[in-house]
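Read through the structure below, which is laid out as structure tokens, and then see the notes.
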Amino acid sequence: MKRLFGGKPDATPAATTASPQVAQGRTIRYDPGLVDGLKDDHQELVAMYTRLGEQVAAGEFHGVDAALQEFKIRLEAHLLTENVRFYVYLEQSMADDEVNSELIRGFRREMNSIARGVVEFVRRYRQQPVGPATQAQFIREHGEVGRLLAQRIAREEAELYVLYQP
């Protein structure tokens, strides 16, 4: 860590070399409530996103910026949990299963791509506030992003979350 922030690296052996058993062992433990929590996040995110679209479609532009920011924060928190606790656990537990490992890597790459698109959507409409002049474009893009998110959520819950086991 010190190297990342400009300090000198620790000279102790523990800081410079990891034990092979620790490096190869699981670092993330199974959490029996994780998948249910991720599914709850999905429901919350879909509800937030739906309300946002309905608000703009109704011509109610006040508060859209805050709603976009809140959605982005919740999505990023979900993705962080998913990346750190879910994907890392799966990658560790399925390290010897090449087929499922490739499926997991594919889902992770796809989600990272979708997340970049969502963040770009939010950034664009926070820089250029939503109003009468941008309403139709926002609604169109909101629908496209929403379809991608809905498809991804359905696939995650049907194909990926079932792999999460002790």
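The values are calculated or read from the model by the stated rules, or taken from the named source; none is laboratory data. Keep in mind that this is a model prediction, so the values were computed, not measured. Virtual Cβ from ideal backbone geometry, glycine too; neighbours counted across all protein chains shown. The protein model used for the area step is the full one, side chains on, heavy atoms only, and it has no ligands, DNA or RNA in it. Shrake-Rupley method; radii C 1.70, N 1.55, O 1.52, S 1.80 Å.
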**Asked** Which net charge results for the neighbourhood of R155, defined as the other residues with beta-carbon distances under 14 angstrom from its beta-carbon, given Lys and Arg at +1 and Asp and Glu at -1?
**Response** 0
**Surrounding net charge for R108, when Lys and Arg each add one and Asp and Glu each subtract one, Cβ distance under 11 Å** = -3
**Asked** What are the extents of the Cα atoms of the stretch 30-166 along their three principal axes, listed from largest to smallest and rounded to whole Å?
**Response** 54, 24, 22
**Complete:** Relative contact order of the stretch 38-145 (C-alpha contacts under 8 Å, at least 6 apart) in percent is 38 percent
**Fill in**
Any GluC sites (Glu not before Pro) in the stretch 50-118 that lie in a DSSP loop and have at most 15 other Cβ atoms within 10 Å would be E60
**Prompt:** What's the extension gain from Q43 to I139 if we count 0.36 nm per residue and subtract their Cα-Cα distance?
**Reply:** 32.5 nm
**Message:** What figure, in Å² to the nearest 10, do you get for the accessible area of I153 with a 1.4 Å probe and non-protein molecules left out?
**Reply:** 30 Å²
**Request:** Can you tell me the relative contact order of the stretch 86-166? Whole percent, Cα pairs under 8 Å, sequence separation 6 or more.
**Result:** 38 percent
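Solvent-accessible area per residue for the stretch 27-92 at a 1.4 Å probe radius, Å²? Could you put the intermediate results ahead of the total?
On the way: 3430 Å² over 66 residues.
So the stretch 27-92 comes to 52 Å² accessible per residue, rounded to a whole number.
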